[in-house]
Each structure stands twice: as C-alpha cells, then as structure tokens.
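A.B. asks: This is the structure I want to talk about, given as structure tokens.
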Amino acid sequence: MDELPEIERSIEVPADPDEVWERIAQGDLAEEWMGVRVEPRRGGAVTVPDRHVIGTVEDVNPGQSITWSWREIDGEPSQVVIDIAPSDGGSRVTITERLLEYRITGVPPVFLSKAA
C-alpha cells in the first residue's frame, strides 16, 4: 500500500513544557489550535463542538505527548500526535496528523427470510 498522507507543523511557544502540557491537559490549546476538546487520559473522548466526531485518546505521556485518533461520522479516520519538547525559547510543539487506513473487515450479516 502507498504511504498515507500526513501533515506536520511545529511552533515555538514561550513557556516551559510543563506549562504547555497543563494548557493541553485543561483543553485550552487543543481547542484553540484545532477546535477540539480532549480528555487527556487513555480512552478519553475527543469531541468537536457542533460536529459529529468520533475520537479516542490512544496514548498520553504527561509533559511530553498525547495521541488520539478521530473521524467525522462520514469522514476518513486520522491520527493526531502532539509532541512537546524543550527549546531555547521555551517549548517546541509539533502537531502531526496522518490519515489512517480504514477498512471494514469481517463477513457481512446474513438475513434469512422467515417462511410463512
């Protein structure tokens, strides 16, 4: 299979990594940057106000990173990773979003008609 598309952006934030993490954990930065609310715990919900989004937090490394996957009900699934690293000016925050392969597996259900 061809490699799936991915977008990566980084920004320098004039705050130490712990402060940046606290803002992500409280939901401020993720909502400001991406319009999402994230429960920063494994299995936590990822929601977008006024949109039908299914999302789940997959991994949390407090002070370092958070990873979730999500999709709109009729959209393609993707995975988002926010990494926080110390930098000379405070913190470097890198957000990577990659499209996920999506396929339905299994045998479709079989419906038997009732004999009259």
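The values are calculated or read from the model by the stated rules, or taken from the named source; none is laboratory data. As the structure is a computational prediction, the values presented were derived from the model and not from experiment. All Cβ positions, even for glycine, are placed from backbone atoms using ideal geometry, and neighbour counts span all protein chains on display.
A.B. asks: Could you say whether any residue in segment 45-56 is closer than 19 Å to E12 by Cβ and either out of contact with any Asp or Glu (no Cβ under 9 Å at 6 or more places or on another chain) or among the hydroxyl-bearing types (S, T, Y) (or both)?
C.D. replies: Residues of segment 45-56 that are closer than 19 Å to E12 by Cβ, as a first pass: none.
Within segment 45-56, not a single residue is closer than 19 Å to E12 by Cβ and either out of contact with any Asp or Glu (no Cβ under 9 Å at 6 or more places or on another chain) or among the hydroxyl-bearing types (S, T, Y) (or both).
A.B. asks: Hey, another quick one. Show the residue pairs meeting these rules: Cβ distance below 8 Å; 6+ apart or different chains; first residue within segment 1-19 and modelled with pLDDT under 95; second residue part of a helix (DSSP H, G or I) and of a type in the set (V, I, T).
C.D. replies: V13/V20
A.B. asks: In addition: Applying the selection to segment 71-99, what residues are without any contact (Cβ under 8 Å) to a residue 60 or more places away in the chain, under 28 Å from A15 (Cα atoms) and among the hydrophobic types (A, V, I, L, M, F, W, C)?
C.D. replies: Those that are without any contact (Cβ under 8 Å) to a residue 60 or more places away in the chain, under 28 Å from A15 (Cα atoms) and among the hydrophobic types (A, V, I, L, M, F, W, C): V80, V81, I82.
A.B. asks: From (1) farther than 19 Å from G75 by Cβ; (2) in contact with a helix residue (DSSP H, G or I) (Cβ under 6 Å, 6 or more places away or on another chain), pick out the condition that doesn't hold for G27.
C.D. replies: Against the list (1) farther than 19 Å from G75 by Cβ; (2) in contact with a helix residue (DSSP H, G or I) (Cβ under 6 Å, 6 or more places away or on another chain), G27 comes up short only on (2).
A.B. asks: Quick one: in segment 45-64, which of the residues that are among the acidic types (D, E) and under 10 Å from the mean Cα position of the chain (by Cα) is surrounded by the fewest Cβ atoms within 10 Å (Cβ to Cβ)?
C.D. replies: D59
A.B. asks: Counting just the residues of segment 71-99 that are farther than 16 Å from V20 by Cβ and among the small types (G, A, S), which one comes out farthest from the chain's Cα centre (by Cα)?
C.D. replies: It comes out as G75.
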